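Data block below; observations after.
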Amino acid sequence: MDVRVGVRVEGVVQGVGFRPFVHGLATGLGLSGLVGNDAGGVFIEVEGAPDVVGRFLNGLRADPPRLAVVERLTTTELDARGRDGFAIVRSDAAGQRRTLVSWDSATCDDCLRELRDPADRRHGYPFINCTNCGPRFTIVTDVPYDRPNTTMAGFEMCGPCAAEYEDPADRRFHAQPVCCPTCGPSLSLLPAPPSREGPSPPERASLSAAVPAPAPMAAAADVLAAARAMLADGAVLAVKGLGGYHLAARAADADAVAALRSRKHREDKPFAVMVPDLAAARALCLIDETEEALLTGPRCPIVLVRRRPGTPLADAVAPGNGSVGLMLPYTPLHHLLVTEPVVLTSGNVSDEPIAYRDDDALERLGGIADAFLLHDRPIHTRTDDSVVRAFRGRPLPVRRSRGYAPEPVPIARGRPVLACGAELKNTFCLTRDGRAFVSHHVGDLENYETLRAFEEGVDHFRRLFDITPELLAHDPHPEYLSTKYALDQELPLIAVQHHHAHIASCLADNGVDGPVIGVAFDGTGFGTDGTLWGGEFLVADLHGFERAGHLEQVPMPGGTAAIREPWRMAAAYGVPDDLPVARRPDWTTVAAMAHRRVNAPLTSSMGRLFDAVAAVLGIRDRVNYEGQAAIELEQRADPAESAAYRASINGTDGFTVTGADLVDAVVADIHANVPVPLIAARFHNAVAALIVDAAARIRDTTGLGTVALSGGVFQNMLLLERAVTGLTAAGFHVLTHHRVPPNDGGISLGQAAVATALSS
Ligand code: ZN
Ligand code: ZN
Ligand code: FE
């Protein structure tokens, strides 16, 4: 006796080859029925013997397509209709409006095999893709997700590609970016403009005219061979990738890497390195199981891993850093180009946004690159490489962008919210129906260019996910451009305090509501009392928070100058004049500024305490990128050291932790000639210990047993490891980040979670 079962599948199940997968599974089992897309996802009806239908359902759960995310699968019993084959039914456009656009995926094994097969018609073709891999988010211009609404619109499919596209049994059925050497994008290699100053406008016009017309496949091999030869010769190459332009140089070539650094005006900030395969990654770095899974997975982020000593990476790749960011090739172009380790850093000058339009790239990167490796598939959304670390067997995001965005994070259902994020490392977030669409990394909202990218991004997400926000969440900092944007919109506003947003983001990341003990340590955020916070102990849930305690406030002499110059924080913490850090000519002036509180706003920032200690130890008195002093302090610490300094905690209701105790202990050890690595480690251990002590105090009065750790300071792996170990030993349950970064890139999710809670 046959049965007929209706199945509904929800999640990221459209545009990822779900229907051909269902078709193949059902026909393979001899079942009849149908499959289609609608507003809710994928609907299926299958009919056949009960045990076979059971096997079908098991297969559906066990082995969905690579890019599919099955959030929910529900079944209903239907009346049997008799067997009449299995059909893929047309979807209605209304359904497609709510399609969840997939993230961009690294080239799959099947495509790689074809790429390397001389008999395949896409052999050596740098734009090969299928329903299981390839560009998605970066090429979507509008909904529904169909070829005319992607940047592939200008490429008309040839006969063989169209046949694959129409065949439900084919791996390229409805793969929107499907193409081949006959009908798809092509590569070209263009010399950089002659002047290192960048081309003048008329020259630029002739440059664009010089871009060769689309070339046949044979030319792709020639172009790639020429590009590889240039890299081998020490050239800096601008390479148009998936979400933007990169600058590439051979990683073992000290001169090439140094040239890239000086032309890009990037002094110390580490460069990422693309290696051809896992074996090459292992040759350079120590890689554990989690890191391997992250490196080789379809999201293909940059993974921060520990360098092996004495490997042939130029020192200038990551100066003074024991870690390096590695990634594997994630597009066919990268697979063909990268045959040895290559620095692949964002195509920009210092802190500007990464270039992604050809004319803009030629103009801005003309002074940096020796040549341009271009292609003619436009990039619609600028998307930086994502950066992750592995922490205790799970990913810890540092930058969530390409390969992750726009995959939604599940949150509580409520009214649709637009959360505007913070200032640095900005992301925004739109919510609908229990999903939080956290944007790609927008960047530091400090100039017109990034603000425009932010506004365009918000509009794009609204269209793409069919969201009309009813509420706006923002940071209360009056000077953030994201705040100003929020105030300009005509929507009800919810201001979410910066550190509350950090803790809420950690709660949403872990799918919990709280209340918890929230430890939010970062550089700075606007406090409810108008001072700068950043070393905060909160009792918080998604509805609100209380400031249970904080790091004792100190002045920041010179305001933002103290962020760029950590030695000023050493002066603020009042270290004795006999230390090398105090030998600067302006030391006395700045110490007096701190003492008299002239141009010296108060802060309880933990980031600034790390800065002060780094400066006192002579590690760094001036930073070239955010967090550099703390990163170098962490690098210097001896992980084998277990001793810790103690900070006193004063007051019960609204306690303060005396950071100056730790600075005093550091100074005492310097005077006792204790080696720097031991001092740096004792300081880290001390901060971990004060977290445990403060949390225990809060537990005594509230009974709370869960601690959430958030804020940029928790990108420090030594501190995170010691804090989690200490808290766990003290009986706490600890929440850390896995989906969004602990830094300000996660703020928008926290704002959205709070606004959702407050409005429902
Ligand atoms: Zn593929
Ligand atoms: Zn074709
Ligand atoms: Fe922050």
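The values are calculated or read from the model by the stated rules, or taken from the named source; none is laboratory data. Since this is a predicted model, take the numbers as computed values, not measurements. Here the Cβ positions follow ideal geometry from the backbone for every residue, glycine too, while neighbour counts run over all protein chains shown. Heads up: the accessible areas ignore ligands, DNA and RNA and are worked out on the full protein's heavy atoms, side chains in. Shrake-Rupley method; radii C 1.70, N 1.55, O 1.52, S 1.80 Å.
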Pairs, first among the charged types (D, E, K, R) in the stretch 311-328, second open to solvent by less than 10 Å² (accessible area, probe 1.4 Å), C-beta under 9 Å, six or more apart: Asp315/Val257
Filter result for Ala696 (farther than 12 Å from Ala643 by Cβ, open to solvent by 40 Å² or more (accessible area, probe 1.4 Å), free of Cβ contacts under 8 Å to residues at least 60 places away in the same chain and of a type outside the set (Val, Ile, Thr)): no
Matching residues, the stretch 563-618, being surrounded by 18 or more Cβ atoms within 10 Å (Cβ to Cβ), among the β-branched types (Val, Ile, Thr) and part of a helix (DSSP H, G or I): Ile563, Val581, Val590, Val613, Val616
Among the candidates Leu286, Leu304, Leu326, residue that is closer than 30 Å to Pro677 by Cα, within 17 Å of the chain's Cα centre (by Cα) and open to solvent by 30 Å² or more (accessible area, probe 1.4 Å): Leu304
Residue, surrounded by the fewest Cβ atoms within 10 Å (Cβ to Cβ), within the stretch 124-143, restricted to residues that are farther than 15 Å from Ser186 by Cα and more than 14 Å from ligand 1 (Cβ to nearest atom): Asp142
Candidates Arg722, Arg697, filtered to the one that is within 28 Å of the chain's Cα centre (by Cα) and either among the charged types (D, E, K, R) or modelled with pLDDT under 95 (or both): Arg722
Flag if Arg413 is in contact with a helix residue (DSSP H, G or I) (Cβ under 9 Å, 6 or more places away or on another chain) and closer than 28 Å to Val324 by Cβ: no
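Residue-by-condition table, conditions (1) small (Gly, Ala, Ser); (2) outside the structural domain of Gly243 (by TED's automatic domain parsing); (3) closer than 16 Å to Tyr356 by Cα; (4) not in a helix (DSSP H, G or I):
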{"site": "Gly421", "(1), (2), (3), (4)": "yes, yes, no, yes"}
{"site": "Ala436", "(1), (2), (3), (4)": "yes, yes, no, yes"}
{"site": "Leu445", "(1), (2), (3), (4)": "no, yes, no, yes"}
{"site": "Arg452", "(1), (2), (3), (4)": "no, yes, yes, no"}
{"site": "Glu455", "(1), (2), (3), (4)": "no, yes, no, no"}
Sole residue being in a helix (DSSP H, G or I), buried (at least 16 other Cβ atoms within 10 Å of the Cβ) and on the phi < 0 side of the Ramachandran plot, chosen from Ala723, Ala668: Ala723
Considering residues of the stretch 513-528 that are open to solvent by less than 10 Å² (accessible area, probe 1.4 Å) and assigned to a strand (DSSP E or B) only, the residue nearest to ligand 2 (Cβ to nearest atom): Asp522
Test: residue in the stretch 460-475 that is over 30 Å from Thr531 (Cα atoms), part of a strand (DSSP E or B), at pLDDT 95 or above and β-branched (Val, Ile, Thr): no
Total residues in the stretch 529-562, condition assigned to a loop (DSSP other than H, G, I, E, B), touching a residue at least 40 places away in the same chain (Cβ under 8 Å) and farther than 29 Å from Asn510 by Cα: 7
Residue check, Phe43 open to solvent by less than 50 Å² (accessible area, probe 1.4 Å), away from ligand 1 (no atom under 16 Å from the Cβ) and of a type outside the set (D, E, K, R): no
Flag if Leu758 is open to solvent by 40 Å² or more (accessible area, probe 1.4 Å), in contact (Cβ under 8 Å) with a residue 24 or more places away in the chain, of a type in the set (A, V, I, L, M) and assigned to a helix (DSSP H, G or I): yes
Checking Asp509 against (1) closer than 20 Å to Ala629 by Cα; (2) open to solvent by less than 20 Å² (accessible area, probe 1.4 Å), the condition it does not meet: (1)
Residue match in the stretch 159-166 (condition: outside any helix (DSSP H, G or I) and either more than 18 Å from Leu333 (Cβ to Cβ) or open to solvent by 10 Å² or more (accessible area, probe 1.4 Å) (or both)): no
The stretch 154-188, subset hydroxyl-bearing (Ser, Thr, Tyr) and within 14 Å of ligand 2 (Cβ to nearest atom), residue nearest to the chain's Cα centre (by Cα): Ser186
Identity of the residue in the stretch 259-279, in contact (Cβ under 8 Å) with a residue 12 or more places away in the chain, out of contact with any Leu (no Cβ under 9 Å at 6 or more places or on another chain) and not in a loop (DSSP other than H, G, I, E, B), that ends up surrounded by the fewest Cβ atoms within 10 Å (Cβ to Cβ): Ala259
Qualifying residue in the stretch 491-513 (condition: touching a Lys or Arg at 6+ places or on another chain (Cβ under 8 Å) and at positive phi): no
